[in-house]
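The values are calculated or read from the model by the stated rules, or taken from the named source; none is laboratory data. Every value quoted in this text rests on a predicted model; they were computed, and no experiment measured them. Quick reminder, even Gly has a Cβ in these numbers, built from the backbone with ideal geometry, and neighbours come from all protein chains shown. Note: areas computed on protein heavy atoms with side chains; ligands, DNA, RNA excluded. Shrake-Rupley method; radii C 1.70, N 1.55, O 1.52, S 1.80 Å.
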Amino acid sequence: MKLVIATVGILAGLATGFFVFADHNSNDQLEVNSAEKIEALQQQLGEAESQLTQAKARAGRLESAKKMHQGDLLAANKKIALLEKNLKTATEISEQPVASVDDSSKTADLAQRLKEAKLVAAKLSKTTFPSILAPKKFAELVDTIKALGDEGVDMALAMLDGENKEERLLAVQLLGMLDDARVPDALADAAIAPEDADLAAWASQSLMKLDGKGAINAMKNTIANSPHEGARVNSMWGLLRTGDKESFEQARAYLNDEKNTQAMRRALEGGLFLVNHSDVRPLIDDFLSRVSGPRKTAIMGEAIKWYGRNIDVVNRQRLNAASNDPNLSEALRQQARDVLAGL
């Protein structure tokens, strides 16, 4: 029994010593591990502090760059604003009329040219029918007026409104050569004015050569309101030339009315052959039916020429018929054959 107790005691003592020894070793190991961890943490802390320092330095550099770029951007924006302002100013200046010495010189030159043109016109107006009897000088004056533009037209209109009869006659001849919207009505007014038949005749002759709606209306106005038969006849022919449909029956009625002046009727009849479109053919047929003898021979010669200039199916038939018509002279028949051969 004592041996058992002793053995138990020995075992208990050994066990106690073992646990005491085991606890001592565990504490030592714990101290070693803690030291290593602290050292590792300290190392990590140092690395973190180094990285922080580097990050702060980089942040400082970025901040400096940002400020520098912000400064550059601000400067660039200011420069852009200045350039835009300068561009706007330059644009406004470029759109303004430029008053310069050159402009003054041009104005003075224009005034001088107008003065010279007026002197030439005044001198030329002394010539009777200058457009016919002094064609070269008249053409030169027309060219000068055209080169003057609106001022040249204004000059001619002022001459027409003046008191000098010779200059007014020259003015209507000049206006007939100018392309300006004001011209047709100005010529119609002159053709309608009752006090001057010569001016009306020349004005209507200029008007009858014009084209366009304004000219057509002006000629109709002249026919309706002019007291001068010559001015009305000229306007009738002018309307025929433009192809105005109403004018054909109007002209036919005038030509068939023997109450109208024979000289004026003949003038319009002769003018039919100067209208180069087939719509006037019925008027030519009427004309041929009204004449006979030597006069018809002359008129038939003009008709053959007109058929050839305005060739279509009907006019070709007229030429074929004329080339074999035994009632016509051999000269007229041959004329018709020659026209056909040239087609």
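What order do LEU319, LEU110 take when sorted by accessible area (1.4 Å probe), most exposed first? Provide the component values of the computation, followed by the final result.
Numbers: LEU319 0, LEU110 45 Å².
These residues rank, largest area first, as LEU110, LEU319.
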Go through SER204, SER292 and list them by solvent-accessible area, largest first, probe radius 1.4 Å.
SER292, SER204
Roll a 1.4 Å probe over the protein heavy atoms and report the accessible area of ARG318 in Å², nearest 10.
70 Å²
With the cut-off at 19 Å, report for region 227-342 the share of all Cα pairs above it, as a whole percent.
47 percent
Distance from a point 7 Å along Cα→Cβ of ASP185 to each backbone N in region 202-228: keep the residues under 12 Å and list them by number.
214-215, 218
With all protein chains in place and a 1.4 Å probe, ASP198 shows an accessible area in Å² (nearest 10) of 90 Å²
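Compute the accessible area per residue over region 228-343, keeping the other protein chains in place, probe 1.4 Å, unit Å². List each step's numbers first, then the result.
Values: 5910 Å² over 116 residues.
Value returned for region 228-343: 51 Å² of accessible area per residue.
Just reorder THR144, THR53 by solvent-accessible area, largest first, 1.4 Å probe, all chains present. Present the calculation step by step, with values, prior to reporting the outcome.
Numbers: THR144 55, THR53 90 Å².
My answer, sorted largest first, is THR53, THR144.
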